[in-house]
Each structure stands twice: as structure tokens, then as C-alpha cells.
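Have a look at the structure below before the remarks.
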Amino acid sequence: MNRHVVPYPVTVKGDLSAPPGRWLWLFKWLLIIPHAVIIAFLYLCWFVVVVIAFFAILITGKFPKGLFDFNAGVTRWSWRVEFYSYNALGTDKYPPFSMMSDPDYPADFEIEYPERLSRGLVLVKWWLLAIPHYIIISIWQDVVPILAFFGALAVLFTGKYPKDLFDIVMGMNRWTIRVLAYASLMTDKYPPFRLYE
């Protein structure tokens, strides 16, 4: 019996069509430093935007579109760097220094802009309603890089990233990013408790 799964408004893409090489993952910590510096600054701005959006949603029921696009862009850039580096080790293609969508890059993030958001939910969704997800995510935050490391070892010795392992790593990252989008007030749709689409 097939169940119809309603699509979630957050899409997290990670394509293993061009698997990483055998050795580059040893040096990616050095290669991502420029990204890490910029993203750290952008996440400070991202947090300020969430605070502004909180009050905007509370008063108007809307997340200002320009601010929404900024936070979506920061999340997109961050996800590409995570996919390239130690949260997935899914590609050797260097991430672009951009918040814009890029169909040529193997990792991407998209989120539907909500025309209206609940004024009441904004008071509780980012802390109270998200607690079950926070508990789950906190358990596997250290597990994801370890699984990605085992994927890199498999690539080193076999030339292939095991698909089942990659699917788990992607699922954990997808779940985390969906919760991030929900907790940062970008959607009212509660994140599903599932690793896959």
C-alpha cells in the first residue's frame, strides 16, 4: 500500500552524482576557512533578521520578503559548505561564494515563501514546539561528521561512497535544516519526523 507523502515546503538537495576524490577530504578543513569566516558573520546577521522577523510576524503576520530571502540565502550557502565539507563530504566541487540558487552545484536549499504566518505560533514554535526535534538533533550532531568520515574512508579504499550511508547522512542533514527553517520562523509547517523526502 503506497502512502502519499505531502511535500514539505523546505527542499534540501544533495547530489552524489560526482563522488568526491580519495584524498581531498583530508584538506577541506583548510579550504573552507574563507567560507567559515564569511558564514560566521552572515549568521550573526541571520540571527538579527530572525529577531526582526519575530516582531514583524507578531504584528503583521508576514516575514518581510527581503529578509526572508536573505536568511534563505545564508542557509543555502551554509548548506553547500556543509555538503562539501565534514557534514557530508558529498562533493569536491568547491562551493560558490553566493547566497543565490545555483542549479550547477550538487547541493542546494529552497524554501517556499509563506504569504501568511501565524501570529500565535511565532510565540511558541521556535522553542516549545521544536523541543522534540532539538532533542533528536542534539543526539546526532556529533554522529553526522563521523558517518561522513566513514563515507570518506570508503571512498579512499573503494572509490565509492556507500549509497545507504550517504542516504543516512543526507537524511540527518535534511532533518536538521528543516528544523532550522521552522525554528527560524520561515514556515509554520511542522517538520516531519523522517530522514527521507
Problem set entry | Check on V74, in contact with a helix residue (DSSP H, G or I) (Cβ under 7 Å, 6 or more places away or on another chain), part of a helix (DSSP H, G or I) and either acidic (D, E) or farther than 28 Å from A148 by Cα (or both) | no
For this session: Could you pull out the residue among A53, A40 that is modelled with pLDDT of 95 or more and more than 24 Å from P96 (Cβ to Cβ)?
Result: A53
Problem set entry | So E115, is it within 22 Å of V49 (Cα to Cα), over 16 Å from the mean Cα position of the chain (by Cα) and among the acidic types (D, E) | yes
Problem set entry | Pair list, Cβ < 6 Å and 6+ apart or interchain, from the range 105-127 residues that are more than 25 Å from L16 (Cβ to Cβ) and in contact (Cβ under 8 Å) with a residue 60 or more places away in the chain to residues that are among the β-branched types (V, I, T) and not in a loop (DSSP other than H, G, I, E, B) | L117/I57; V122/I57
Problem set entry | Options A56, A40; residue that is surrounded by 15 or more Cβ atoms within 10 Å (Cβ to Cβ) and not in a loop (DSSP other than H, G, I, E, B) | A56
Seminar exercise, completed: Selection from the range 57-75 of residues under 20 Å from Y43 (Cα atoms) and of a type in the set (S, T, Y) yields T75
For this session: Please work out which one of (1) at pLDDT 95 or above; (2) on the phi > 0 side of the Ramachandran plot is the condition V144 fails and give its number.
Result: (2)
Exercise. Could you count how many residues in the range 139-192 are in a loop (DSSP other than H, G, I, E, B) and either free of Cβ contacts under 8 Å to residues at least 40 places away in the same chain or closer than 14 Å to E82 by Cα (or both)?
Worked result: 3
Exercise. How many residues are loosely packed, with under 15 Cβ neighbours inside 10 Å and more than 29 Å from P191 (Cα to Cα) when one looks only at the range 133-164?
Worked result: 6
For this session: Would you be able to tell me the number of residues in the range 62-88 that are within 12 Å of M186 (Cα to Cα) and among the polar types (S, T, N, Q)?
Result: 2
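The values are calculated or read from the model by the stated rules, or taken from the named source; none is laboratory data. Given the structure is predicted, the values throughout are model-derived calculations rather than measurements. Cβ atoms come from the backbone with ideal geometry, glycine included; neighbour counts cover every protein chain shown.
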